[in-house]
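A.B. asks: Sending over a structure as structure tokens; questions will come in a sec.
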Amino acid sequence: MTRPPMGDSARARGLVAVLLGRFVRVRWGYRFRSRSRLEAWQRRRIRSFLRRDLPKAPFYAERTSATPRRARRLEALPVVGKSVLLEHFDGLNTRGVRLADALGVALEAEHTRDFRALVDGDVTVGLSSGTSGRRGAFLVSPRERMLWAGTVLGRMLDGPMLVRLVQPWRPPLRIAFFLRAGGNLYESVASSRVRFGFFDLTEPLEVHRRELARLTAAGHGPDILVAPASVLRALALADREGRDDRGMLDGGPGAASAARPFAPGLVISVAEVLEPDTAELIRSVWGAPLRQVYQATEGLLALTCEAGALHLNEESVHIEREWLDAEHTRFTPVVTDFDRRTQIIARYRLDDVLRVDPTAPERCACGRVSAVIAAVDGRHDAVLRLPHRDGRRLVDVFPDAVRQALMLGSESYADWRIRQRGLDVHLALDEPAADGAERAVAALEGLFERYECRATVVLDEWVEPDPGVKVRRIVHEEGVR
């Protein structure tokens, strides 16, 4: 076996140092005494970002060339969205990568299911899911991958897992990822002490259930299960309903008594909104701690702490709030990412709607003062917009209200989807009971009555979602004019 060149070896050690440094800072550092101190620290990060990183992207270099570096201010930058990111992709990254090249690499990876390809030597390309319109690409450098890995490991691992991680005589931690696309970003956590397993969601879920059963029976089941909320829900339901048949999945009748139950030590929900009923199901079936990672193409935005609160990742991102209600409980986030130096994310407006509790204390029970999100209500197009009964204005019906209404009758159906088309609200139910459809329609009509708006509820046939596509229970397909 030949030794790597000294340059490559030094670079690898440098990347490991980046990961370990971020792990230590996330795990034991970043402890601010007050919210005001966190905000002062963020202001220093913003000034550094504006001076050092922003001018490296041609899009911003052209717009700030006449402004002295010391006078540059974040609020002077334009607020951008996905259309701008795609139109000016070449100018919004600092490596000169063209959108056509990035999309070519990403689409080839989707076809071949090999996600190791890089651009510009060492840059990983990710492909957004395309559920909100045109497909987009994002770029991540090795350093940024290490920062991501250090943040996730530092925030997600509990005490016993951390102890096991540093004891070389014990088995490595096994992490199972259920995702549409694998890649260098997630494999950054792999090492001799962390084993990574990728379960491709373009394959039938039953195939993965058999593999999980096989690994568990052999004593190699994953310690950490990472998957979209809808996949976690399906796995938990199958585990709850099929425990007596577990042995059949791993070798036939009679093996059930010898098979070990699947019992992850930690469950992490990614990619989709984790709804309360799904969270309750997961906890009841596996009894494991449940964490949520709120991540978008634009960066790692929020993570659950050990006390169960979803904190904005304000140690890496600055988030401006565009309030959607007078009570200041729901807002659209405008994100600036300090860690991203390859593809600049500055004042990027997301489609999501975040909800906060105005009465929440400044300091969480975990000790952090970073903002706590009460819920990720979903995208803007998950907000139903219906005419008020007076006909003069529109009423926003937010996803949490819709979910609450439908949860009241959830024992009458297994799952549901809603799509607004004009003034019609189309409802599809999975395995409804005899009165399931009637109760669901009544629940929605009662909700719309309370909101003093009007709509026609239309029942559609249930269609099983594609396991490789991000599930969205509520979609507003077209605006009401």
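The values are calculated or read from the model by the stated rules, or taken from the named source; none is laboratory data. Please read these numbers as outputs of a predicted model, since none were measured by experiment. When we count neighbours, we look across all protein chains shown, and the Cβ atoms used for this are built from the backbone with ideal geometry, even at glycine. Only protein heavy atoms, including side chains, enter the accessible area calculation; ligands, DNA and RNA are left aside. Shrake-Rupley method; radii C 1.70, N 1.55, O 1.52, S 1.80 Å.
A.B. asks: Hey, rough spin-label estimate for R421 and W323, points 7 angstrom out along Cα→Cβ, what's it come to in nanometres?
C.D. replies: 3.8
A.B. asks: Starting with the highest mean, order 396-403, 204-211 by the number of other Cβ atoms within 10 Å, averaged over the residues of each peptide. Could you put the intermediate results ahead of the total?
C.D. replies: Values: 396-403: 20.8, 204-211: 14.6.
Highest to lowest by the protection proxy: 396-403, 204-211.
A.B. asks: Work through the residues other than L447 whose Cβ is under 13 Å from its Cβ and net out their charges, Lys, Arg +1 and Asp, Glu -1.
C.D. replies: Details: positive: R403, R439, R450, R454; negative: D396, D400, E445, E449, E452.
The answer is -1.
A.B. asks: Provide E445, E438 ordered by accessible surface of protein heavy atoms (probe 1.4 Å), highest first.
C.D. replies: On the way: E445 100, E438 135 Å².
From most accessible down to least: E438, E445.
A.B. asks: Considering the dipole of the stretch 286-418 built from charges on the beta carbon (Lys and Arg +1, Asp and Glu -1) around the Cα centre, which of L303, Q343, A374 is farthest to its positive end?
C.D. replies: Of the candidates, Q343 comes out farthest on the positive side.
A.B. asks: Quick one: ranking S65, S269, S9 by accessible area, 1.4 Å probe, largest first, what do you get? Intermediate values should be presented prior to the final figure.
C.D. replies: On the way: S65 90, S269 0, S9 35 Å².
Accessible-area ranking of S65, S269, S9, largest first: S65, S9, S269.
A.B. asks: Rank these by accessible area, largest first, 1.4 Å probe: C366, C305. Before the final figure, lay out the partial values.
C.D. replies: On the way: C366 20, C305 0 Å².
Result of the area sort, largest leading: C366, C305.
A.B. asks: Any chance you could look up the accessible area of V24 with a 1.4 Å probe, heavy atoms only, rounded to 10 Å²?
C.D. replies: 80
A.B. asks: What three numbers, in Å, describe the spread of the alpha carbons of the chain along their principal axes, ordered from the longest?
C.D. replies: Here the Cα extents, ordered largest to smallest, are 69, 67, 47 Å.
A.B. asks: Next question. Taking the Cα centre as origin and putting +1 on Lys and Arg beta-carbons and -1 on Asp and Glu beta-carbons, what dipole magnitude results for the chain, to the nearest 20 debye?
C.D. replies: Numbers: 73 positive and 65 negative charges, 636 e Å.
That gives a dipole near 3060 debye.
A.B. asks: Still on this model: Can you pull the percent of Cα pairs in the stretch 285-335 with separation above 12 Å?
C.D. replies: 70
A.B. asks: Hey, another quick one. Please report, as a whole percent, how much of the solvent-accessible surface of the chain comes from carbon and sulfur atoms (probe radius 1.4 Å).
C.D. replies: On the way: 11740 of 22850 Å².
The computed percentage sits at 51.
A.B. asks: OK, next. Along the charge dipole of the stretch 13-160, pointing to its positive end and built from +1/-1 on Cβ of Lys, Arg, Asp and Glu, which listed residue (Q42, T124, L107) has its Cα farthest out?
C.D. replies: Selected residue: Q42.
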